[in-house]
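Data block below; observations after.
None of the figures in this text is laboratory data; all of them are computed from the coordinates on show. None of these values were measured; they are calculated from a predicted model. FYI the Cβ positions are ideal-geometry reconstructions off the backbone, even for glycines, and counts take in every protein chain you see.
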Amino acid sequence: MSPVRVMIVEDSLVVRELLRYIVSRDPRLELVAAVASGEEALASIASARPDVISMDIRLPGIDGLETTRRIMAERPTPIVVIADAVEDSSLHISMNALRAGALSVVEKPVATTHAGYEAVAGEICTQLRIMAQVPVIRRRPIGAEWAGRTAPAAAPSPMPIVPGQSPSVFGIAASTGGPPALAKVIGALPETFPLPILLVQHMGPAFMEGFAAWLDSVVALPVGLARDGERAEPGRVYVAPGDRHLELGSNRVLRVVDTPAVSGQRPAATVLFRSMARQAGASAIGALLTGMGEDGAAGLLDMHGAGAQTVAEHESTAVVYGMPAAAVRLGAARAVLPLDRIAAHVMRLAVPGWVP
């Protein structure tokens, strides 16, 4: 198998050379270009023909966000954002880059003498290899992101909630491609949404606080990291913190735990969904969105078995049709819907008689 062709876009000479060193150590990766600006990246992408791009966000001239937008509009290529996890401004721009078509965000590498260097270097190589395999589409202006995709087939009719079981909680989970998908679904819910929302997004621990802050800035409902022992309140979004599972306990009390990873993930969607099946049963609503792997599918099946309403994102809008596809194969989803129809579906379940 040919090595993955990598382009590095990074204005700092020190970091660029460090990334060059990290990529060169992995025989499964081949560095085809290392440039210092967005302008250089746009000028050289046709000749370099990278399979994946490592993108700095804070660039001179055209910044990483605009560079990402132009690449996804003109020559779609998988993009992994390399960001400083402690800078709020970089995190905000990084999340918007994901909205523009980048696939994931990883920590910027530190000096080789730093205690966390090997872990960061390993994660960068892993993300570059994995994301190079993701088929990406040309991104048109907002509102036409999915133009050209196959139209979704008719979705299964959702089963009614069991009589006497009022909806009590909504759980939602995603991985690759998740931040913009979550923003689209939760952003379409009104400030009066009557249920607490429990959320799992696969992302490096260093970015979870920034992700929650970004999501809070782009949706109407208040968003924050979940805290162990707090009670989930209606109309609030509780994000699983980095490297911890989020569970629903009795009386809507949240549990944040460090039990082992499930399917290689912590937080894991399956852990959240299984706790919802146990504690909320038929009064729960669960949604599984875009992502690699199969996390969440088994948990969504448990929810289905407990009588809950369950929905999986349709292949036509999923950036990566992995997790929702696994749920569909298991028969765990009562409804399979494109992204822009999920919020309305959830509203009809949460507010009987609701009409858009």
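Can you give the Kirkwood hydrodynamic radius for segment 26-147, in Å, rounded to one decimal and based on Cα pairs?
One over the average 1/r among Cα pairs gives 14.8 Å for segment 26-147.
Any idea how far the Cα center of segment 1-39 sits from the one of segment 53-86, in Å?
First find each Cα centre; the distance between them is then 14 Å.
Taking only the Cα atoms of the chain, how large is their convex hull per residue, in Å³?
Given the Cα convex hull of the chain, per-residue volume reads 134 Å³.
Taking the highest mean first, how do the peptides 216-227, 333-344 order by number of other beta carbon atoms within 10 angstrom per residue?
333-344, 216-227
Where the Cα atoms of segment 208-280 are projected onto their three principal axes, how long is each span, largest first, in whole Å?
31, 28, 17
In debye to the nearest 20, how big a dipole does the chain give about its Cα centre with +1 on each Lys and Arg Cβ and -1 on each Asp and Glu Cβ?
The dipole of the chain has a size of about 1000 debye.
Helix 38-48 versus the longest principal axis of the chain: what is the Cα-based angle in degrees, 0 to 90, to the nearest 10?
80 degrees
Specify the angular offset, from 0 to 90 degrees and rounded to the nearest 10, of the alpha carbon long axis of helix 178-187 from the longest principal axis of the alpha carbons in the chain.
Between helix and principal axis, roughly 40 degrees.
Using each residue's phi in segment 256-262, evaluate 6.51 cos²θ - 1.76 cosθ + 1.60 at θ = phi - 60° and report the 3J(HN,Hα) Karplus result to the nearest Hz, with x for Gly and Pro.
Once rounded to whole Hz, the list reads 10, 10, 10, 5, x, 4, 10.
Kindly provide log₁₀ I(q)/I(0) values, in the same order as q = 0.12, 0.13, 0.15 Å⁻¹, from the Debye equation applied to equal alpha-carbon scatterers of segment 169-350.
Debye curve over Cα of segment 169-350, log10 I(q)/I(0) at q = 0.12, 0.13, 0.15 Å⁻¹: -0.44, -0.53, -0.73.
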